[in-house]
Amino acid sequence: MGDRVRGHAVLVDAGSGDAANIAAGWEAHVRIVQARGGPSLFVRPDGCIVWASDDGNVDGLAGALTKWLGIPKSEEVLVA
């Protein structure tokens, strides 16, 4: 993980499940929590919110997950 923060991040999916589906590839590094109402959030292990959406739009989530947690598990298999 290089200079990335180590530990578990948290994804709060307050939408339809689209954010949780995207984050599933990083399940070894991110805890996924379903919520009712409020914004969806991706929170680094150090507590910094690095992605948020209050309208169900998941644009940018995959990029934020990759930036902070590396390539998703499904892509590691393809690269290896």
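For the stretch 35-48, a residue qualifies if it is surrounded by fewer than 13 Cβ atoms within 10 Å (Cβ to Cβ) and assigned to a strand (DSSP E or B), but none of them does.
Summed over the stretch 10-44, the residues that are within 13 Å of Asp54 (Cβ to Cβ) and more than 9 Å from the chain's Cα centre (by Cα) give a count of 8.
For the residues Ala28, Ala20, the requirement of being outside any strand (DSSP E or B), modelled with pLDDT of 95 or more, among the small types (Gly, Ala, Ser) and within 17 Å of Pro72 (Cβ to Cβ) singles out Ala20. How many residues does the stretch 32-56 contain that are more than 12 Å from Leu69 (Cβ to Cβ) and either touching a Pro at 6+ places or on another chain (Cβ under 7 Å) or charged (D, E, K, R) (or both)? Number satisfying all stated conditions: 6. Of all residue pairs spaced 6 or more apart or on separate chains, those with beta-carbon atoms under 8 Å, a first member in the stretch 25-40 that is farther than 17 Å from Ala62 by Cα and a second member that is in a strand (DSSP E or B) and modelled with pLDDT of 95 or more are Gln34/Asp13; Ala35/Val12; Ala35/Asp13; Gly38/Val12. From the residues in the stretch 49-59 that are touching a helix residue (DSSP H, G or I) at 6+ places or on another chain (Cβ under 8 Å) and not in a strand (DSSP E or B), which one is surrounded by the fewest Cβ atoms within 10 Å (Cβ to Cβ)? Checking each candidate, the answer is Gly56.
The values are calculated or read from the model by the stated rules, or taken from the named source; none is laboratory data. In this text, all values refer to a predicted model and were calculated from it rather than measured experimentally. Cβ sites come from the backbone with ideal geometry, for glycine too, and all protein chains shown count toward neighbours.
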